[in-house]
C-alpha cells in the first residue's frame, strides 16, 4: 500500500510541474464548492488495562480455565480505506469551513500474548463506519499554484455493520469478540497542500484523529478477551486525496 501511495504522489507532482502555469479551477473564489475524496486509513487502539489484567480467565458458566496468564495486550496499525464527498464554505481569505462525510472500511485488531504461546490470539474488530467530520481549514497565502494549510475539528462516527456480525451469542468462549460502541465522537487535526491545475484543485492531506472517550462496549457478560480491558481509545492516521 505504501508503494502505491508513493507512486501516486510522484504522479501528482510531475503532473503538477507540467501544468505549473495553470490558474486552477477557480474554486477558491466560490462561496460554496464541492468535491470528493479517497482515503487510506491506518487504525489502532490505545489500550488501558485493568489492574488484574494478567489473571487467567475462567468461564463463569463452567468454571473451566479458558486462558493462561497474559504477557501482553497490544494493537498494531491496520490498513483500511474510505470514500467521501467534500462541502466547503469560504468564510474568509484564509479560513474555510469543511464538511466531509465519509464511508470508511477500517481494519483493527487486538493481539493477546500468553505465557503459553499456543493460546496467543489476534482478535479482529469488524466495522463499516459512516463518519461526519466538521472542521476549519486555515490556509496560507497562495504562491503560484501552491498553498499550504492546517486544519482541526471533530467528527461523529457511527458503525453500521450488522449487529448479527458483532454479537457473541452462541459462540464458544475462544471465538467471542471485543465489542465496540456504535456511536462516538473524535477530535482530529492535520496538514495538507492545495495544488492548482487547469480545471480542478488537488489536495494531499495527512490527518490524525482519536476518539474523545473509550469506545469499549460495556458487556454484562465479559469474555476472555474483553475482561482484561478497562478502556479502548481508537486512533486513526489518514492520508487523503481531495479533488475539488
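Read-outs throughout are calculated quantities, based only on the coordinates presented, and are distinct from any laboratory measurement. Note that the structure is a prediction, hence the values are computed from the model and not measured. We place every Cβ from the backbone using ideal geometry, glycine too, and count neighbours over all the protein chains shown.
Give the calculated FRET efficiency between residue 32 and residue 126 to the nearest 0.05, with a Förster radius of 35 Å applied to their Cβ-Cβ distance. Show your work: numbers first, answer last.
Values: r = 36 Å, r/R0 = 1.04.
That pair, residue 32 with residue 126, gives E of 0.45.
In what sequence do 41, 66 fall when counting other Cβ within 10 Å, fewest first? Show your work: numbers first, answer last.
Numbers: 41 25, 66 18.
Ascending number of Cβ neighbours within 10 Å: 66, 41.
How would you rank 141, 30, 159, going from fewest to most other Cβ atoms within 10 Å of each one's own Cβ?
So the residues, fewest neighbours to most, are 141, 30, 159.
Cut-off is 10 Å between beta-carbons; in what order do 193, 156 appear when sorted fewest neighbours first?
Numbers: 193 16, 156 13.
Ascending Cβ contact count within 10 Å gives the list 156, 193.
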